[in-house]
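One structure is given below, encoded as C-alpha cells.
Read-outs: derived from the displayed coordinates by stated rules, not from any lab. Owing to the predicted nature of the structure, the values given are computational and were not obtained by experimental measurement. Every residue, glycine as well, gets a Cβ built from its backbone with ideal geometry; the counts of neighbours run over all protein chains shown.
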C-alpha cells in the first residue's frame, strides 16, 4: 500500500461562526499536492477544514467585534462541529503524515489540528509549513505535537522530505527544515528559492481527484492564481520576503495563459491574481494584458496593486484586458507613518492613483492598517480623514499585528511593546485586545479605532446601497430603453 499524506488548511473563519467559510481552494495545498502527485509515490489528499458548503457570507470584516470573542471560545471548545469533522476525516483517511499550512492568524488553530492528529495516532508525523513557521522558526517545535517544520518555499522540500521518510533516511540531509532528533532541535541549511516557476504544476490541476469534497465547492473556489513570487519593496512590517524573498520571480506569460485555459475548462470565468504585487513592473503587466486580450476576450480579473505603478496607460490596458477590480494598499493617511512603514509613497500620490483607477471605471478596494508603533492621535485622525475622502468602492480596516521573525517584531520587542505571552493567533488583525503603539495606551487606541470602524462600516454600507441602486436603475434602462435622462439622473444622485 502507498504511504498517505493529508494536507490541511486549518479552520479560522469557521471559528468565528460555523457557517462562515473560506470558499477557496488554498493555493499552498494545491501547489504542494501537485508536486507530491508528480514526483513521489505517496497518496495525497487535500482538505480545507475552513470550508463550509453552506457558507452564509462572501466577505469578512477585519474588526469583528463579538465575532473575535466567539473565535477565542471556539478554539477551546472540543465539541464544536469543525473539530469533530477534522477528527473524523483523520480517522477515515488514516494518514502516515499530516502537513498543515499555517499563517500567524490561524496558527493556534493549526496546533489544535496537530493535537487531534497525535491524539488519534501519536506515530503520525506532523509537519507544519507556511508563513508562520518560516518566520517563527525553531520556536514552533516547543509544541510537542509538531515534529517537523518547513521553512520558506515548500514544493521541493516536501518532495525530498517524503522520499527520505519513505526510505527511512536521516532528515539532516534535507534542506529547508527544522526537526526534532533524540531530544535535540536540528536546523538544516535554507533551501534556495525556485528560479523557474514555470516548472511547478498548476495548483488546481489535480483538485478533482485529491481535494476532499471537491464536488461541493463552487466553481469560484478555483479562481486564484499566483503569477509572481517575491516583492522588491522593503516594507518595515512585511513577512512575505521571509518566504518568497525580495528578488521577483515572474512566471512566463505563456505559462500563466496555459493555467487560465485550464481554469476556464473547469468553468472559471473570473480570475483573482494573488500576487503580493501584480507582475512587479509595467512592462510585465502590459505583456500579460495583451496576451489576455488575445486569448480570453471577456475574461474578468482582480489584482492587488501598488500606487507607485499606477499611470493612466497601464490602468487603461488593464481595464481593456478585463481588470474590473483593484485592491490598493493605502495603510495610512499620514505621510510620516507611511515613511516609517517604508512604503515609498505619499498619501497625495495614493489619492492621485485612486483618481486614475476610478476614472477608468475600475472598482477600487482600499486597504488601511492602523496601530503602527509610531501612531499618535493626530496620525490616526489623518487616516480617518483619508478613509472619508478616498474615492473607493470599499474600505478594509485592520489593526497592526507584528509577526514573529519580521523586522518590526524585533523593533516591538526592543521597545517593550510585546509581552512574553504574546500570541499572534490570539491577538491578530481581528482582535482589539492589543496595542503596539509607543504613544497611545490600549484604552485610547480602542476608542479611536472603534470610531474609525463605525465610519468605515457606514461608508461601505452606503457604497453597497449605491451599487445595488445603480444596478437596478440600469436594469430598468435595459427593460424600458429610456437611457439618456435616467443616466443623467443617476449621475446627479451620486454626485450629491
From the C-alpha gyration tensor of region 327-460, square roots of 5λ in Å: 27, 16, 13
Residue 262-residue 121 FRET efficiency (beta carbon distance; Förster radius 51 Å; 0.05 resolution): 0.90
Scattering profile of region 1-149 at q = 0.15, 0.21 Å⁻¹ [log10 I(q)/I(0), Debye over alpha-carbon scatterers]: -0.77, -1.46
Nearest 10 degrees, 0 to 90: helix 282-295 Cα axis against the chain principal axis: 90 degrees
Computed [θ] at 222 nm, helices only, for the chain once each DSSP H run of length n ≥ 4 contributes -39500 (n - 2.57): -13000 deg cm²/dmol
Rough spin-label spacing in nm, given labels placed 7 Å along Cα→Cβ, for residue 407 and residue 444: 2.8 nm
Solvent-free Debye scattering, log10 I(q)/I(0), computed from the Cα coordinates of the chain at q = 0.06, 0.07, 0.11 Å⁻¹: -0.29, -0.39, -1.02
Using alpha-carbon coordinates, inclination of helix 253-266 to the longest axis of the chain, degrees: 90 degrees
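Regarding region 223-485, what whole-number volume in Å³ per residue does the convex hull of its Cα atoms give? Before the final figure, lay out the partial values.
Numbers: hull volume 40.0 nm³, N = 263.
Taking only Cα atoms, region 223-485 has a hull volume of 152 Å³ per residue.
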Sequence ranges 96-109, 153-166, 265-278, ranked by mean other-Cβ count within 10 angstrom, highest first: 96-109, 153-166, 265-278
Potential extension, residue 419-residue 172 segment - 0.36 nm per residue separation minus Cα distance: 85.5 nm
Euclidean distance of C-alpha centroids, region 191-239 and region 445-465, integer Å: 33 Å
Residue list for region 330-374, given a label point 7 angstrom along the Cα-to-Cβ vector of residue 311 and an amide N cut-off under 20 Å: 344-362
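Which order do peptides 443-451, 126-134, 219-227, 340-348 fall in by mean Cβ count within 10 Å, highest first?
Details: 443-451: 15.7, 126-134: 26.0, 219-227: 19.7, 340-348: 17.6.
Result, highest mean Cβ count within 10 Å first: 126-134, 219-227, 340-348, 443-451.
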Cα centroid of region 344-359 to Cα centroid of region 243-304, whole Å: 23 Å
Separation in nanometres of the label points that stand 7 Å from Cα toward Cβ, at residue 3 and residue 351: 5.9 nm
Added length on full extension, which subtracts the Cα-Cα distance from 0.36 nm per residue, residue 467 to residue 359: 37.2 nm
Contour minus Cα-Cα distance for residue 69 and residue 336 (0.36 nm per residue): 92.8 nm
Estimated FRET transfer efficiency (residue 94, residue 254; beta-carbon r; R0 41 Å; 0.05): 0.50
Part-to-part distance (alpha-carbon centres) for region 362-385 and region 164-183, which is given in Å: 45 Å
Degrees separating the helix 442-480 axis from the principal Cα axis of the chain, which is the longest one: 60 degrees
Rough spin-label spacing in nm, given labels placed 7 Å along Cα→Cβ, for residue 216 and residue 76: 2.9 nm
Förster radius 51 Å - calculated FRET efficiency between residue 194 and residue 381 (Cβ-Cβ, nearest 0.05): 0.70
Distance-filtered residues of region 66-87 - backbone nitrogen under 15 Å, label point 7 angstrom along residue 457 Cα→Cβ: 66-70
Ordering of 185-193, 282-290 by packing [mean C-beta count within 10 Å, highest first]: 282-290, 185-193
